[in-house]
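The values are calculated or read from the model by the stated rules, or taken from the named source; none is laboratory data. These figures come from a predicted structure and were not determined experimentally. Positions of Cβ are backbone-derived with ideal geometry, glycine not excepted, and every protein chain shown enters the neighbour counts.
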Amino acid sequence: MTDDQIDTSDAPYRPGAVWMKAADRLPHTKQQITLRVDADVLEFFRKTGKRYQSRINAVLRSYVEARREQGK
C-alpha cells in the first residue's frame, strides 16, 4: 500500500509533528518514575509503536518548552 492509499482522515492534527521531532533529539538524563495516565492516552501512544514512552516524553517536553517561552 502506498502512502496515498492510507486513509488518515481520523488521525489527530499534529502541526509539523513537533513531538516526533523532539523524540529524535539527543537523549537527556532521564529518571524512572511511576506516572498514571488515562487508559485511552496510553493506548494511543502504545499503538504508535516502539519508543512510545519517548514520544510521551517528547510531548511533555514540548509543553515545558512552550511554557518557558511564554515566561510561565
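Quick notes on this one:
- Candidates in the range 61-72 are the residues that are of a type outside the set (Asp, Glu) and either at positive phi or loosely packed, with under 13 Cβ neighbours inside 10 Å (or both); of these, the one that is modelled with the lowest pLDDT is Lys72.
- Arg67 meets all of the listed conditions (1) under 14 Å from the mean Cα position of the chain (by Cα); (2) farther than 23 Å from Thr8 by Cα but one, namely (1).
- For the range 2-46, a residue qualifies if it is aromatic (Phe, Trp, Tyr), more than 15 Å from Arg61 (Cβ to Cβ) and at pLDDT 85 or above, and exactly one does: Phe44.
- Cβ pairs under 9 Å, 6+ apart, first in the range 38-67 and touching a residue at least 60 places away in the same chain (Cβ under 8 Å), second surrounded by 13 or more Cβ atoms within 10 Å (Cβ to Cβ): none
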